[in-house]
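Heads up, the thing below is written out as structure tokens.
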Amino acid sequence: MATLQVYDPFGDAQLDELVRGFLRPVRNDRTATPAAIKVDVKETDKGYTVHAEIPGVKKEDNHVSVEGNQVTIAAEVKREGEVKEGERVLRSERYYGSVYRSFTLPAELDENASGAKYDNGVLELTLAKKIAAPGRKLTIQ
């Protein structure tokens with residue numbers, strides 16, 4: 001015999017988030033929040049390819065570090081152009097400052113065989129998997 005369950009629409013977390021979303025202000029003009037670095041990660045037999053969107057950043061202001069299987073992408077967005085005399089800023093929504101993204105991959109990475117390119121706001125990482133060392137037999141004493 002099947003048991004009946006009572007559905008409580010207010011107990012649903014997704015509905016709660018939806019309602020809260022309507023009550024939040026559409027824009028917060030006081031402070032600009034950093035944009036998240038969005039990434040696409042693809043895997044092959046030899047390694048990984050990562051495409052990260054980092055628009056508005058110069059190539060020399062991007063930094064990538066690889067330690068083991070952890071990848072960290074950091075960028076610094078610098079404010080360019082100053083307010084000239086007789087000019088006033090009516091609205092400034094762009095974020096200026098540092099952003100970073102860190103994630104782990106399933107396999108250890110070979111830092112020496114990996115590379116990075118930056119073109120048109122997209123950082124492309126080619127991350128090589130570390131070749132697994134063959135196991136060795138231990139002698140029992």
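Taken together, the values in this text are just the output of simple stated rules run on the coordinates, not laboratory data. What you are looking at is a predicted structure, and each value in this text was computed from that prediction instead of being measured. Please note: Cβ atoms are built from the backbone with ideal geometry, for glycine as well, and neighbour counts cover all protein chains shown.
May I ask you to sort 101, 79 by Cβ crowding, counting other Cβ atoms within 10 Å and putting the fewest first? Write down the numbers at each step before the final one.
Working: 101 15, 79 10.
By the 10 Å Cβ count, ascending, the order reads 79, 101.
Taking just the alpha carbons, could you work out the radius of gyration and Dmax for the stretch 44-127, both in angstroms?
Here Rg and the maximum Cα pair distance are 16.7, 59 Å.
Given a Förster distance of 35 Å, report the FRET efficiency between residue 141 and residue 117 from their Cβ-Cβ distance, rounded to the nearest 0.05.
Details: r = 52 Å, r/R0 = 1.47.
According to the calculation, E is roughly 0.10.
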